[in-house]
Amino acid sequence: MLEPVEEMKKKAGEKAVEYIEDGMTLGLGSGSTVYWTIKKIGNLVQQGMNVKGIPTSLRTQRWAKEFGIPLTNFSDVELLDVTIDGADEFTSQLDLLKGGGGSLVREKMVAEASSKVIIVVDKAKKVETLGKRPVPVEVIPFGWERTAKKIRRIHGIPQLRKISESDIFISDNGNYIFDCEFNSITNPEYLHKQLKSMCGVVETGLFINMADIILIGEEAHVSHIR
Ligand code: 5RP
């Protein structure tokens, strides 16, 4: 028996496979909602569907292998047909905050290379404006203290992500992540540009104009916005 929120994630995650067709190359997102998508794709592969995927994290890569989904990479693929990924916040304009799991760089690269981006969430992720949660920003470890100062200069409060009191979280790309609080994000696109212009910043968790459809798991059904 799943917790109610997990049930909503499962509903949304599984619904997304309806957009997958035989022969497609897929972007495989990261997180606990997409887990259900990946599991279901594994079932389809077992039943004979021919798809392959590019994973956005090492965790997703492990799941894909476990469920028997053939993997590929950007040496062999130029354009992905569909990417299915999760999000930490979404708005009715389809803007997203991502990176809660620390996979934002690969997630954005894969989304950018996709014809269609489908986001799967539970209904609690809906916000009026992005920024209820801190904005994840991936930075290179060299000079991280200096990068933090630059973020403070634009009124952000960067918190170095840690896995324990003494251990810093390291992304799959070998980088650090700052979780940055901003008072209110009135213009997420501008904030993203400001952050990206800082030497030392690799990518931000602000995904603007990237999602095509958001599938929202609710108690009894899955709603969508596009
Ligand atoms: C990881 C992500 C995830 O997609 C996001 O954190 C949502 O995760 P979950 O489905 O577990 O709530 O952006 O970097």
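The values are calculated or read from the model by the stated rules, or taken from the named source; none is laboratory data. Keep in mind the model is a prediction, meaning the values are calculated, not measured. Virtual Cβ from ideal backbone geometry, glycine too; neighbours counted across all protein chains shown. What goes into the accessible areas is simple: the full protein's heavy atoms, side chains included, and nothing from ligands, DNA or RNA. Shrake-Rupley method; radii C 1.70, N 1.55, O 1.52, S 1.80 Å.
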Return one quarter of the surface area of the convex hull spanned by the alpha-carbon atoms of segment 104-194, equal to its mean projected area, in nm². 7.4 nm²
Among 108, 149, 116, which one shows the highest mean-square fluctuation when the chain is modelled as a Gaussian network with alpha-carbon springs under 10 Å? 149
Over the Cα atoms of segment 106-154, compute the convex hull volume and normalise it per residue, giving Å³. 136 Å³
By how many degrees, between 0 and 90 and to the nearest 10, does the Cα long axis of helix 34-46 differ from the longest principal axis of the chain? 30 degrees
May I ask you to list the GluC sites (Glu not before Pro) in segment 75-125 that are in a DSSP loop and have at most 13 other Cβ atoms within 10 Å of their Cβ? 78
With a ≥ b ≥ c taken as the square roots of the eigenvalues of the C-alpha gyration tensor of segment 73-120, please select rounded if a/c is under 1.5 and otherwise prolate if a/b is larger than b/c or oblate if it is not? oblate
Expected unfolding gain across residue 163-residue 72 under the 0.36 nm per residue rule, minus the alpha-carbon gap, is 29.8 nm
For the chain, what relative contact order do you get, as a whole percent, if you take Cα pairs closer than 8 Å and at least 6 residues apart? 23 percent
Express the relative contact order of segment 2-98 as a whole percentage, based on alpha carbon pairs under 8 Å and six or more residues apart in sequence. 31 percent
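In terms of solvent-accessible area of protein heavy atoms at a 1.4 angstrom probe, what is the ranking of 166, 223, highest value first?
Working: 166 95, 223 30 Å².
Descending accessible area places them as 166, 223.
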For residue 190 and residue 219, FRET efficiency with R0 = 45 Å and r from the beta-carbon atoms, rounded to 0.05? 0.80
Out of 153, 161, 59, a Gaussian network model of the chain with alpha-carbon springs under 10 Å gives the largest mean-square fluctuation to 153
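For segment 176-226, what is the Kirkwood estimate of the hydrodynamic radius, computed as the reciprocal of the mean inverse distance between distinct Cα atoms, to one decimal in Å?
After inverting the pairwise mean of 1/r, the radius is 13.5 Å.
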In a Gaussian network model over the chain where Cα atoms closer than 10 Å are linked, find which of 128, 14, 165 has the largest mean-square fluctuation. 165
Mind checking the log10 I(q)/I(0) for the chain at q = 0.09, 0.10, 0.11, 0.17 Å⁻¹? Debye, one equal scatterer per Cα, no solvent, two decimals. -0.36, -0.44, -0.53, -1.21
In the structure shown, do any of 162/196; 126/162; 52/196; 125/162; 10/65 have a Cα-Cα gap over 29 Å, and if so which? 52/196
Could you work out how much longer the chain between residue 93 and residue 58 gets when fully extended? Use 0.36 nm per residue separation minus the Cα distance between them, nm to one decimal. 9.6 nm
Mean separation of Cα contacts under 8 Å (at least 6 apart) over the residue count of segment 93-193, i.e. the relative contact order in percent, is 31 percent
Against the longest principal axis of the chain, how steep is helix 4-15, in degrees 0 to 90 to the nearest 10, with axes from Cα atoms? 60 degrees
